[in-house]
1. Please work out if residue 149 is under 18 Å from residue 183 (Cα atoms), surrounded by fewer than 20 Cβ atoms within 10 Å (Cβ to Cβ) and in contact with a Gly (Cβ under 9 Å, 6 or more places away or on another chain).
2. Exactly one condition in (1) surrounded by fewer than 19 Cβ atoms within 10 Å (Cβ to Cβ); (2) over 22 Å from residue 325 (Cβ atoms); (3) within 11 Å of the ligand (Cβ to nearest atom) is not met by residue 115; state its number.
3. Answer yes or no: is there a residue in the stretch 137-157 that is polar (S, T, N, Q), within 16 Å of the ligand (Cβ to nearest atom) and within 25 Å of residue 296 (Cβ to Cβ).
4. What helices (runs of 4 or more DSSP H), lying completely within the stretch 1-80, carry at least 3 residues that are near the ligand (Cβ under 10 Å from one of its atoms) and crowded, with 21+ Cβ neighbours inside 10 Å?
5. Please state which one of 289, 265, 329, 302 is over 30 Å from residue 170 (Cβ atoms), part of a helix (DSSP H, G or I) and either at pLDDT 95 or above or within 15 Å of the ligand (Cβ to nearest atom) (or both).
6. Considering only the stretch 203-235, how many residues are touching a residue at least 60 places away in the same chain (Cβ under 8 Å) and surrounded by fewer than 21 Cβ atoms within 10 Å (Cβ to Cβ)?
7. Identify all residues within the stretch 81-107 that are part of a loop (DSSP other than H, G, I, E, B) and either near the ligand (Cβ under 8 Å from one of its atoms) or in contact with a strand residue (DSSP E or B) (Cβ under 8 Å, 6 or more places away or on another chain) (or both); write none if there are none.
8. Among the residues of the stretch 55-88, write down those that are touching an Asp or Glu at 6+ places or on another chain (Cβ under 7 Å) and more than 24 Å from residue 106 (Cα to Cα).
Amino acid sequence: MKKLRIGIIGCGRISVMHAVPATVLEESMLVACCDIVAERAEELAAKYGAKAYTSYEKMIGECSLDAVHICLPHYLHTVVAQYAIMHGVNVLSEKPMSVDYESAAKTVALAEEKKVLYGVIFQCRYNNSAQLVKKAAVAGKLGKIISARSTLTWKRDDEYYGESDWKGTWDKEGGGVVIDQAIHSIDLVNWIVNSEVEKVSCSMANRGHQCVKVEDSAEGLITYKNGTRYGFYCMNNYGCDEPIEIRLFCEKAKVVFGYDDAYIYYNDGTTEEAHQDECKEVYEGGKDYWGFQHIRQIRQFYRACLGLEELEISGKEALKTHKLICDIYKIGKESMGL
Ligand SMILES: NC(=O)c1ccc[n+]([C@@H]2O[C@H](COP(=O)([O-])OP(=O)(O)OC[C@H]3O[C@@H](n4cnc5c(N)ncnc54)[C@H](O)[C@@H]3O)[C@@H](O)[C@H]2O)c1
């Protein structure tokens, strides 16, 4: 099988979750890594046998890459994605697509025009728990989803924000707890409900952080055209990262799930459950709260690049959740007086 030639742009904390799959999967080989901080690019490149660059333009110009993984601060995602797409290189971008809606939509259109694949990481969709619930919903086993709710209470204190020059800023990160942490649980509900959003009502606040101005708390109600009402609550002022929890109250079942486990209690008395498998050893250096499903999504993206499968989480698909996130910010920022 032809091996895809892969480059990674951004060699910070998440890059290991991309470098390992690019190296170990049979579909790919990691050819180059790029970071404006030379030591970071050199360290990742040396560890995984790739060439280090400090300019992504130079890397794309020299390496005949089939795909790049974008692991950059949020405000750079679409700038770099568009550059790669213009040069005929497939793109797999970390979430979120962008810090605004327009640039994300423009990138989707550009990828379609240039016939280049543009994927967006939402690795939690590949958790066994989420897969079980999605499949039950698609098969009609849940009936109508009447209500959904999600909660996230995590810890991202001033020390966490102090370690980054872009996290916790409106311009470079695009927000706080919603765009960075709760985006995954909001995406899971949005994907499973699978209907157009009719109305977003929400409020946001910074209740406990001194060193950043972005929201650290948000709650709201999303009403879908199919009638589902989804309430979400998230905050990163908690003392630890508690497991996220999503509940669905459906016509034919009640569902409780998170990243690790899912339980479906059908009205007829039967149950179904799913649990995460362990694959932590592949990801030495990764964080538990990232989950361990990057490799599944990355392999799916590679197989799509090779023409073996349809791309599952395309930019067009991810744009549905991105639009919702942007709408949450539009209303949430007004509630903060911004
Ligand atoms: N999917 C997940 O669960 C998950 C988890 C963590 C982070 N992420 C995402 O991964 C992305 C990166 O996050 P991180 O925590 O690794 O951030 P980070 O700050 O640790 O890493 C970003 C890197 O990009 C580099 N960089 C900045 N500008 C550059 C440029 N012009 N060219 C090349 N390199 C440049 C920085 O020097 C830094 O090393 C973000 O989008 C974040 O939301 C996703």
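The values are calculated or read from the model by the stated rules, or taken from the named source; none is laboratory data. The structure presented is a predicted model; accordingly, all values stated were derived computationally and were not measured. Here the Cβ is made from the backbone with ideal geometry for all residues, glycine too, and neighbour counts use every protein chain on show.
1. Spelling it out, residue 149 is indeed under 18 Å from residue 183 (Cα atoms), surrounded by fewer than 20 Cβ atoms within 10 Å (Cβ to Cβ) and in contact with a Gly (Cβ under 9 Å, 6 or more places away or on another chain).
2. Against the list (1) surrounded by fewer than 19 Cβ atoms within 10 Å (Cβ to Cβ); (2) over 22 Å from residue 325 (Cβ atoms); (3) within 11 Å of the ligand (Cβ to nearest atom), residue 115 comes up short only on (3).
3. Among the residues of the stretch 137-157, at least one is polar (S, T, N, Q), within 16 Å of the ligand (Cβ to nearest atom) and within 25 Å of residue 296 (Cβ to Cβ), which makes the answer yes.
4. Correct list: 15-24.
5. 302
6. 8
7. 89, 94, 95, 96, 97
8. If the condition is that a residue be touching an Asp or Glu at 6+ places or on another chain (Cβ under 7 Å) and more than 24 Å from residue 106 (Cα to Cα), then no residue fits.
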